Every structure is written in structure tokens, then in C-alpha cells.
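For reference, the structure I am asking about is given below.
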Amino acid sequence: MRSWKDFSAFQEDRRTQDAVARNIAIIARTADHICRACPGFIARHSEIAWEEMRDICGIVREPFAVDLLAIWPTVKHDLPALKVQIDQLLGEQRRSADGYGPEALEILRAMEPPIKRSS
């Protein structure tokens, strides 16, 4: 696996660019959903850049016009730092008595699709 330490290598690999853009969009949509569904969770974890995660989607909206210079700082700095924060948050949740803390359960419930009941 290549290391993306330099922008020119990233710039040459279209497959990686597409994967990165897609994953940034997924992160943005997920952050948006959590922000809307679980505002208490967001308030309790203000150390995480929720708004910035939601806003980053703007630079990857156009699948064939992604600004590589705009996403490169996210790839190099923001995503690694975010991973550390999310790993710490997940670790805290896993250390709870039942394996999932109440905050994790709150998010899981919010992420579940609504159950359709037949009439």
C-alpha cells in the first residue's frame, strides 16, 4: 500500500481520490445525521469538530470536479486527528458495563430506520 505523504502521488491516483471523496461525503452525512438526531451527544462531545465535518461535504459534492488542493489538508491532517478522537470516544463507550455506553445506544437508536407498521 502506498503512503500518501506527497500531494503529487495522491494527484496521480484517481481511484484513491474517488475513495477519499466518497468517504469524506459519508463522514459529512453521518455527522449531519448525528447532529440532528442527537444534539445532547454533540453538546457532550464538543471537542469533536462536528460542524466542520458537516461542512466538508461542500468540497466533494461534484463527483467529477473535486478540488484536490482543498481536500489534501483534510486527508493529511484532519482525518488522522479525527480518527484518534473517534477511537477515544469508542474506547470510552466500550469500557462501559454492557459494552456500549448510553451515548452509543442513543446514536444507534437514532441511526435505525423507522419501522413501518402494517395496517
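Under a crude label model (7 Å from the Cα following the beta-carbon direction), how far is E47 from D6 in nanometres?
According to this spin-label approximation, the distance is 3.6 nm.
Subtract the Cα-Cα distance of A37 and A65 from 0.36 nm times their separation in residues, and report this length gain in nm to one decimal.
That works out to 7.0 nm of additional length.
Hey, another quick one. How far, in nm, would the chain grow between R94 and R22 when pulled straight, counting 0.36 nm per residue and subtracting the alpha carbon separation?
Residue separation times 0.36 nm, minus the Cα-Cα distance, leaves 23.1 nm.
Readers should treat all values here as calculations from the given coordinates under stated rules, not as data from a laboratory. Just so it is clear, the model here is predicted, and its values are computed rather than measured. Virtual Cβ from ideal backbone geometry, glycine too; neighbours counted across all protein chains shown.
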